[in-house]
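J.: There's a structure below that I have some questions on.
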Ligand code: GLN
Ligand code: ZN
């Protein structure tokens, strides 16, 4: 029996082409609409998706593509992993689900964390020895029926059991030796139950996603993978199984899965650079379908169809069937480039969003199985676009290339730290334990309205500028009244810390509707970095100068670092990421220099995404960290010793990047620490970090205002780890998402707490 899949994609966006689900969710949470209306929006979106995927010509349409929040949370609910604090609330199933994602007064939410190295965030299941896995929810089956009634036979997609457990965390209070993976046999039994139900429902194929094996895994993890898929494969009554991997090479898991009794294996041939070479020596594929992820599911460039076909040709004959697919779910790209009416037409012709990627998959599959002649026009059209992009003048900037070539190690080197410190002390004259903030102040409705009015043309540039200046003045006065030592202008002119810079740099375009789900109802609209990056003119200097004129105290200039700009953009795929980072670094370096020339004595370059871009495999860490650190240093060198460089990092779990933080050589590093109670300071001490450090003493992720006493305790803990000369006092992160009332009280408390512990100068 042949077990064909044919052309497919591993998943599809679900937030809605116009973010319909986002609006419905937020309305439901505000009790503006009821559950039936919310369900109707989600139903319409998924039925539209199924139909359009079928009509586009895919042989196999992914199912279970709908989610009210997140696919890992969906799996937790499907298999009964609902912690008691939520189950006990007595809410409806849907509200229990939302309580797990968002928390309620009496039950804090499950944690949320990044989905591998993407900008998508999943909900982290909490598992204990007592978690009783069983099939507890029929949504997967129901949605299969729903699609079947519309005439679309879908392939339900579910997070695989190993990835589910490897991404879970032990619940608080679980025995120290307990690992969620200890429960794999029980969870696999629950998956077996689901497969039985799907079989009875008439499902032909099911897709279980195991991206966890694109990261480093232990022998125990691999053994568990082998056992789990042997068990599932040996079930008598089940659909055919596609195990999908993505985000990189499978390493040893490739052989394990190839020899397991499942019918199909999905491999990422875009991020997985080695897989194509490894496949010929893997045994067990002959009777399987190889689902070849040839179309990049994470970036927005048109596929080089000839290149992809050449890759696919080497696979023919290795497996029973070779089916064309995307490298991963299309969740990570926007819906449809045709919705973009304002992007420069030439750049637009190089782009493929989800809808265009589906077409590419169909074309590739036809070319592979029915011959190139069957799609010669489409192949020719693709060729023209690829050639146009490769030869486009606007992609290259000779001046930028020349600067890059001329770079020497000393361009990424500042002077001796002791001398810098002395020069900065003299210039800044700060008290011990200087107080500051991370940059943004609350973005008021007025500020947002002014930005919208400028965009729609109802106010002119001069009026807008005046409104922003008024806001800056207010923020400066407030900080002076509170008694902060190093002030900020508050960033009112920035919609987003990356988008703002991308809009002022050459080499980027922005989209109008290119939204991608970040978590729950939240979406981001990443800029597209298509060419050599340069800065046509100063970006922040006027605002910073204006703010500095209002006060005697030092005002910090505020910039976003190269790594973070890359991490939150769609980046070009035609040169090494490190080269792109160095280009962005040079643009930021120019801005740093101009700020210094304008009399700004403290400049902060934020790198909250330094940890985010870390490759999944440890073998690739050093190469990444080398260019990441170098690009930060390029951006922040070439200035006087007396100019103080700050950086800000958003997370407290550094692990793998802690040495890189030392290597950044910033004069002052502020870092999230309020929730982890200053532990990060010990970690920094352990690697010999000896610069200024501002561990966050106010958790801005919560609307709670900390009491002065709590802050004093945190500061005392900090002083136990770091000498007073090196300690700075600041919140965990920017204040943009908070309200003025809470921020004022919180900062007042932070300052009185500082005064309570501040040694005499
Ligand atoms: N300077 C930025 C702000 O204050 C930093 C934001 C961030 O760390 N994500 O908003
Ligand atoms: Zn932050």
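J.: Of all residues in segment 312-338, count the ones that are surrounded by 16 or more Cβ atoms within 10 Å (Cβ to Cβ), part of a helix (DSSP H, G or I) and out of contact with any helix residue (DSSP H, G or I) (no Cβ under 6 Å at 6 or more places or on another chain).
T.: So the count comes out to 3.
J.: Oh, and also: Would you check if there is a residue in segment 273-286 being in the same structural domain as residue 358 (by the TED database), under 30 Å from residue 511 (Cβ atoms) and modelled with pLDDT under 95? Break it down into steps so the answer makes sense when it comes.
T.: Taking segment 273-286 as the starting set, the residues that turn out to be in the same structural domain as residue 358 (by the TED database) are 273-286.
Keeping just the survivors that are under 30 Å from residue 511 (Cβ atoms) gives 273.
Within this subset, residues satisfying the condition of being modelled with pLDDT under 95 are 273.
For segment 273-286, residues in the same structural domain as residue 358 (by the TED database), under 30 Å from residue 511 (Cβ atoms) and modelled with pLDDT under 95: present.
J.: What tally of residues in segment 385-442 results from selecting those that are within 31 Å of the chain's Cα centre (by Cα), under 30 Å from residue 711 (Cβ atoms) and outside the structural domain of residue 492 (by the TED database)?
T.: Matching residues across segment 385-442 total 0.
J.: Also, quick follow-up: Kindly establish whether residue 487 is farther than 19 Å from residue 735 by Cβ and touching a residue at least 40 places away in the same chain (Cβ under 8 Å). Explain how you work it out, then say what you get.
T.: Values: farther than 19 Å from residue 735 by Cβ: no; touching a residue at least 40 places away in the same chain (Cβ under 8 Å): yes.
It is false that residue 487 is farther than 19 Å from residue 735 by Cβ and touching a residue at least 40 places away in the same chain (Cβ under 8 Å).
J.: I need a count of the residues in segment 152-178 that are buried (at least 18 other Cβ atoms within 10 Å of the Cβ) and farther than 17 Å from residue 76 by Cβ.
T.: The qualifying residues number 3.
J.: A further question follows. Within segment 737-761, which residues are within 16 Å of ligand 1 (Cβ to nearest atom) and either surrounded by 20 or more Cβ atoms within 10 Å (Cβ to Cβ) or within 19 Å of residue 678 (Cα to Cα) (or both)?
T.: Correct list: 738, 743, 746, 747, 750.
This table checks each residue for (1) within 16 Å of ligand 2 (Cβ to nearest atom); (2) within 21 Å of the chain's Cα centre (by Cα); (3) touching a residue at least 40 places away in the same chain (Cβ under 8 Å).
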| residue | (1), (2), (3) |
| --- | --- |
| 607 | yes, yes, yes |
| 618 | no, yes, yes |
| 642 | no, no, yes |
| 655 | no, yes, no |
| 658 | no, yes, no |
| 663 | no, no, no |
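J.: Just one of the numbered conditions (1) away from ligand 2 (no atom under 16 Å from the Cβ); (2) surrounded by 14 or more Cβ atoms within 10 Å (Cβ to Cβ) is not true of residue 720; which one?
T.: (2)
J.: Of the residues 683, 623, which is surrounded by fewer than 20 Cβ atoms within 10 Å (Cβ to Cβ) and at pLDDT below 95? Before you say what the answer is, go through the steps one by one.
T.: Details: 623 fails: at pLDDT below 95.
None of the other options fit; the residue is 683.
J.: Which residue, of 566, 487, 478, is surrounded by 21 or more Cβ atoms within 10 Å (Cβ to Cβ), within 16 Å of ligand 1 (Cβ to nearest atom) and within 24 Å of residue 447 (Cα to Cα)? Talk me through it step by step, then tell me what you get.
T.: On the way: 566 fails: within 24 Å of residue 447 (Cα to Cα); 478 fails: surrounded by 21 or more Cβ atoms within 10 Å (Cβ to Cβ).
487 is the lone residue from the list that is surrounded by 21 or more Cβ atoms within 10 Å (Cβ to Cβ), within 16 Å of ligand 1 (Cβ to nearest atom) and within 24 Å of residue 447 (Cα to Cα).
Residue-by-condition table, conditions (1) more than 16 Å from ligand 1 (Cβ to nearest atom); (2) part of a strand (DSSP E or B); (3) touching a residue at least 60 places away in the same chain (Cβ under 8 Å):
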{"site": "587", "(1), (2), (3)": "yes, no, yes"}
{"site": "593", "(1), (2), (3)": "yes, no, no"}
{"site": "604", "(1), (2), (3)": "no, yes, yes"}
{"site": "638", "(1), (2), (3)": "yes, no, yes"}
{"site": "666", "(1), (2), (3)": "no, no, yes"}
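J.: Another one. Out of 610, 614, which single residue is in the same structural domain as residue 583 (by the TED database), away from ligand 1 (no atom under 15 Å from the Cβ) and in contact with a helix residue (DSSP H, G or I) (Cβ under 8 Å, 6 or more places away or on another chain)? Walk me through how you get there before you give the answer.
T.: Working: 610 fails: away from ligand 1 (no atom under 15 Å from the Cβ).
Of the residues listed, the single one that is in the same structural domain as residue 583 (by the TED database), away from ligand 1 (no atom under 15 Å from the Cβ) and in contact with a helix residue (DSSP H, G or I) (Cβ under 8 Å, 6 or more places away or on another chain) is 614.
J.: Can you tell me which residues in segment 575-605 are more than 16 Å from ligand 2 (Cβ to nearest atom), in contact with a strand residue (DSSP E or B) (Cβ under 6 Å, 6 or more places away or on another chain) and more than 23 Å from residue 399 (Cβ to Cβ)?
T.: Within segment 575-605, 600, 602, 603 qualify.
J.: Filter segment 725-752 down to the residues that are closer than 21 Å to residue 556 by Cβ and in a helix (DSSP H, G or I) and list them by number.
T.: To start, the set of residues in segment 725-752 that are closer than 21 Å to residue 556 by Cβ comprises 725-738, 740, 743-744, 746-748, 750-751.
725, 726, 740, 743, 744, 746, 747, 748, 750, 751, listed by residue number.
The values are calculated or read from the model by the stated rules, or taken from the named source; none is laboratory data. Just so we're clear, the structure is a prediction, and the values are computed from it rather than from any experiment. FYI the Cβ positions are ideal-geometry reconstructions off the backbone, even for glycines, and counts take in every protein chain you see.
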